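Notes follow once the structure below has been shown.
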Amino acid sequence: MPPADPPAETPAAPMYPRVLLKISGEALMGDQGFGLHPPTVRRIAEEVKQVHDLGVQICLVIGGGNIFRGLSGAAHGMERATADYMGMLATVMNALGMQGALEGLGIFTRVISAIPMDQVCEPYIRRRAIRHLEKGRVCVFAAGTGNPYFTTDTAATLRAMEMGCGAIFKGTQVDGIYDSDPKTNPDATRYASVSYDEVLQRNLRVMDASAIALARDNKLPIIVYSLRESGAFAKVLRGEGKFTIVHP
């Protein structure tokens, strides 16, 4: 008799049962210079679906820089608070776009806004949001914290802690954190892991300083990986592929 085929390797189990994925608004632009690129939004939604199919509970926070960035508006003479509120509204638009893509893939999704706008999304109520996650729904948190002067990075860290997430996953254009910009320096070195304090001291620009300090104080890991690699979200969640983890 011919030898039996070796048993197939069982994929590693996900490292965390509940996670928050933070992506920038610019990630939804694709190759265009502004707004939403539907094929790119759908591709990211498919990445989320792969992880959702593993039984992982998922929250999302999406920036608004593809539509309007508060700091940029303030730099052009607009009042900072007004510019930040405009940026928050941009995140709601992105969240609704992602909701449409996810529900097109059969995943029940709730957009939850820190600024009440009942006609298009739910107001943020922590216990209700946790119940959505327990029922297998994806929660997309929009409008930041609802306050000006706070970035979506800080909002993502805050929501991850409130929801009891095991980690924040930060999807970027590169496969981790480097000691310099790998797009301009071919000799840039990628960190496998780095501490919160090193990120702050070396100004590595993973997330803003407030978000890093908040994660550090609550020992919340931040995992940085590339959004460009197909299937990377699921791989990294199983501890595979290339990524950088920020931890104590």
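The values are calculated or read from the model by the stated rules, or taken from the named source; none is laboratory data. Nothing here was measured: the structure is a model prediction, and the numbers come from that model. Cβ: placed from backbone, ideal geometry, glycine included. Neighbour counts: every protein chain shown.
Things worth noting here:
- In the stretch 198-233, the residues that are more than 14 Å from residue 169 (Cβ to Cβ), in a loop (DSSP other than H, G, I, E, B) and of a type in the set (A, V, I, L, M, F, W, C): 204
- When residues in the stretch 1-30 are screened for being more than 26 Å from residue 130 (Cβ to Cβ), in a loop (DSSP other than H, G, I, E, B) and modelled with pLDDT of 85 or more, 2 of them pass.
- Taking residues in the stretch 136-162 that are free of Cβ contacts under 8 Å to residues at least 24 places away in the same chain, and partners anywhere that are crowded, with 24+ Cβ neighbours inside 10 Å and among the polar types (S, T, N, Q), not one pair has Cβ atoms closer than 6 Å while being at least 6 places apart or on different chains.
- Check on residue 65, at pLDDT 95 or above and under 30 Å from residue 237 (Cα atoms): no
- Matching entry among 97, 55, 70, 87 (being modelled with pLDDT under 95, closer than 21 Å to residue 139 by Cβ and under 20 Å from the mean Cα position of the chain (by Cα)): 87
Yes/no per residue for (1) in contact with a helix residue (DSSP H, G or I) (Cβ under 9 Å, 6 or more places away or on another chain); (2) farther than 19 Å from residue 208 by Cα:
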position: 40; (1), (2): yes, yes
position: 55; (1), (2): no, yes
position: 72; (1), (2): yes, no
position: 115; (1), (2): yes, yes
position: 125; (1), (2): no, yes
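Residues checked against (1) touching an Asp or Glu at 6+ places or on another chain (Cβ under 7 Å); (2) buried (at least 22 other Cβ atoms within 10 Å of the Cβ):
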{"position": "154", "(1), (2)": "yes, yes"}
{"position": "168", "(1), (2)": "no, yes"}
{"position": "185", "(1), (2)": "no, no"}
{"position": "188", "(1), (2)": "yes, no"}
{"position": "195", "(1), (2)": "no, no"}
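- Exactly one residue out of 48, 92, 41 is assigned to a helix (DSSP H, G or I), modelled with pLDDT of 95 or more and touching a Ser or Thr at 6+ places or on another chain (Cβ under 7 Å), and it is 92.
- Annotation note: Cβ proximity below 7 Å between a residue of the stretch 13-30 that is free of Cβ contacts under 8 Å to residues at least 60 places away in the same chain and a residue that is part of a helix (DSSP H, G or I) and of a type outside the set (Val, Ile, Thr) (sequence gap 6+ or interchain) occurs for 30/39.
- Only a single criterion out of (1) within 16 Å of the chain's Cα centre (by Cα); (2) farther than 21 Å from residue 63 by Cβ is not satisfied by residue 190, namely (1).
- For first residues located in the stretch 221-248 and within 27 Å of residue 39 (Cα to Cα), partners that are among the hydroxyl-bearing types (Ser, Thr, Tyr) and buried (at least 21 other Cβ atoms within 10 Å of the Cβ) and lie 6+ apart or on another chain with Cβ distances below 6 Å form the pairs 224/244; 232/225; 236/225; 243/225.
- Scanning the stretch 124-148 for residues that are part of a loop (DSSP other than H, G, I, E, B), hydrophobic (A, V, I, L, M, F, W, C) and at negative phi yields one hit, 125.
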